[in-house]
1. When you go through (1) modelled with pLDDT of 90 or more; (2) under 17 Å from Ala447 (Cα atoms); (3) not aliphatic (A, V, I, L, M) one by one for Thr332, which number turns out not to apply?
2. Residue check: is Glu256 of a type in the set (Asp, Glu) and in contact (Cβ under 8 Å) with a residue 12 or more places away in the chain?
3. Just to be sure I understand the filter: pairs with C-beta atoms under 8 Å, separated by 6 or more residues or on different chains, first member in segment 461-486 and in contact (Cβ under 8 Å) with a residue 12 or more places away in the chain and farther than 13 Å from Ala264 by Cβ, second member of a type outside the set (A, V, I, L, M) and in a helix (DSSP H, G or I). Which pairs pass?
4. Give the residues of segment 69-87 that are over 11 Å from Lys98 (Cβ atoms) and assigned to a loop (DSSP other than H, G, I, E, B), sorted by residue number.
5. So, in segment 316-331, how many residues would count as being touching a strand residue (DSSP E or B) at 6+ places or on another chain (Cβ under 7 Å) and crowded, with 21+ Cβ neighbours inside 10 Å?
6. Go through (1) at pLDDT 90 or above; (2) under 22 Å from Arg427 (Cα atoms) and name the single condition Lys451 misses.
7. Would you tally the residues in segment 375-413 being more than 20 Å from Ile454 (Cα to Cα), crowded, with 17+ Cβ neighbours inside 10 Å and hydrophobic (A, V, I, L, M, F, W, C)?
8. Considering (1) among the small types (Gly, Ala, Ser); (2) at pLDDT below 90; (3) assigned to a helix (DSSP H, G or I), say which one Ala388 fails and leave the rest.
Amino acid sequence: MVAVPAASDPLAVDIRDLDVSFATDGGDVHAVRGVTLDVRRGEVLAIVGESGSGKTVTARTILGLLPETARMGGAVVLDGTNVVGLGQKELRRIRGTKAAMIFQEPSTALNPVFTVGWQLAEGLRAHGKYTKSEARAHAIDMLRRVGIPEPEQRVDDYPHQFSGGQKQRIVIATALALDPTVIIADEPTTALDVTVQAEILELLRRLRDEDGTAIVLITHNMGVVADLADRVAVMLDGAIVETATAPDLFARPQHEYTKKLLAAVPRLEITDRQLPAASVGAQPVVVADELVIEYAGRFRRAAFRAVDRVSFSISPGEVLGLVGESGSGKTTIGRAIAGLTPVAGGSLQVLGTEMRGVKEREFKPKRSQLGFVFQDPATSFNPLLTIAQNVAEPLIVHAGVRDAGAARGKVDELLEAVQLPKAFGDRYPHELSGGQRQRASLARALALDPKLLIADEPTSALDVSVQARVLELFRELQERFGFATLFITHDLAVVDLLAHSIVVLHKGEIAEEGTTAEVLGNPQDAYTKRLIASLPVPDPVEQAARRAIWDATREG
């Protein structure tokens, strides 16, 4: 961690007594209350807090990105210009030049119908500083600067031709194109694997140290804060409750809410979870033997082998953590177990049914014994149905229940099991918070008392304190109902908390497998060691040491 910039260093952003409220049909919502913050050149300020705390609203005021329903008071001085009250023409002039934003989801920030080179050059041409050829040359240089290989060729590729980490690098390149004074990074690593996340954080760190760029980091990941931030501001209910340097905040938190946030962070503690006695010697619910899964090639290209000769089993009551980066094959395996992706070779038995060559009519009776918890419950729920109607859906489809009304008694029991008031059943998905929706998603997955639950990154998008509550609830329910679980994730701390055993996937093959204590406590494979070293921990001193290990273990 570099030293915090001196008080004599120029301010990039100076926020004074900021108040923001939104006019709604139900009355005004006071989102930000009297916030005072500043960020100096060459400094990373992290603003942390749960969803709804006001951190993103505060950051967006710097670029004037609030909707027309917003009313602002106070001052937001960006590189000498007060942006409060500026018109759209003046705001367009400072966007990109004085401040730029890195959005959370690069897939939605990039336009799918234009090449990345065109999108990089667009901002340059809009500010009138470059000819077409100069803009292209600068776009290539920016791609090279953020670590995109072969930028001369890749500049003409479209967003879908890049990996998630590469797309995030392109978004960063777009933000850097006009050398802004400050970059606002809104959850820039939430959807990324830990190794890719480590690379993105290294890139942001280099921008701070080499270019003197000021960075406002919005995140709920306290490990990322420990890795990158110089100072931290903690927000709760629209107000700043604590501000301190990163080492001081982690070592000596003052506010009770800060202490709660830090206590909720999952840590690698190398837990040795023993299998339930009933699981030992029992017939496995899933057996993969030399499993091969391929995706057919297009335009005369050879088939792509996504999973290559993978073998593992899941016993009743066992939680198996399937860990790896994007593209490692973990979600593909989950889809194959669910009968959604065909098996090309080897054997995959699920609940006694061989999935290689299986017909849907053969597997359909077993579907009632499978439950699913998806990464984003907001998109897995029908927004036109109430929570009770969504949770009742499996009962109507598989259990012969007449309608949601007839299933309401069972639905209420399920909601109470996941610690949601049964009155929440009458609400619509958008009326619940992210953590509440994920609890409702868990209730739906348990509706048919499944023998096997498939959970695909179910907590990666949740705030740290909400994640902690959902994971604790998941563990309680798994121990109570005894269902087997395939838990797909890239977060090793979550696996450590829940899993009895771990399979580490790398490029479609098993890199390492064993009990949780064996794999995390004494990793043998270099890739597993790199995964563990890539995981940020909520301690700046320890994180600096882990970063040195990561530097020594990363490929290339």
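1. Condition (2) is where Thr332 drops out.
2. On the way: of a type in the set (Asp, Glu): yes; in contact (Cβ under 8 Å) with a residue 12 or more places away in the chain: no.
So Glu256 does not fit the description; no.
3. Pairs that qualify, where the first residue is in contact (Cβ under 8 Å) with a residue 12 or more places away in the chain and farther than 13 Å from Ala264 by Cβ and the partner is of a type outside the set (A, V, I, L, M) and in a helix (DSSP H, G or I), are Ala461/Gly434; Leu473/Arg439; Thr485/Gln478; Leu486/Gly334.
4. The first filter runs over segment 69-87 and keeps only residues over 11 Å from Lys98 (Cβ atoms), leaving 69-76, 82, 84-87.
Correct list: Thr69, Val84, Gly85, Leu86, Gly87.
5. Residues of segment 316-331 that are touching a strand residue (DSSP E or B) at 6+ places or on another chain (Cβ under 7 Å), as a first pass: 316-324, 328-331.
Restricting the remaining residues to those that are crowded, with 21+ Cβ neighbours inside 10 Å gives 317-324, 328-330.
Going through segment 316-331 one residue at a time, the tally reaches 11.
6. (2)
7. Matching residues across segment 375-413 total 6.
8. Looking at each condition in turn, Ala388 falls short on (2).
The values are calculated or read from the model by the stated rules, or taken from the named source; none is laboratory data. Computed from a predicted model, the values in this text were never measured in an experiment. Methodologically, a virtual Cβ is constructed for each residue, glycine included, from the backbone with ideal geometry; neighbour enumeration extends over all protein chains shown.
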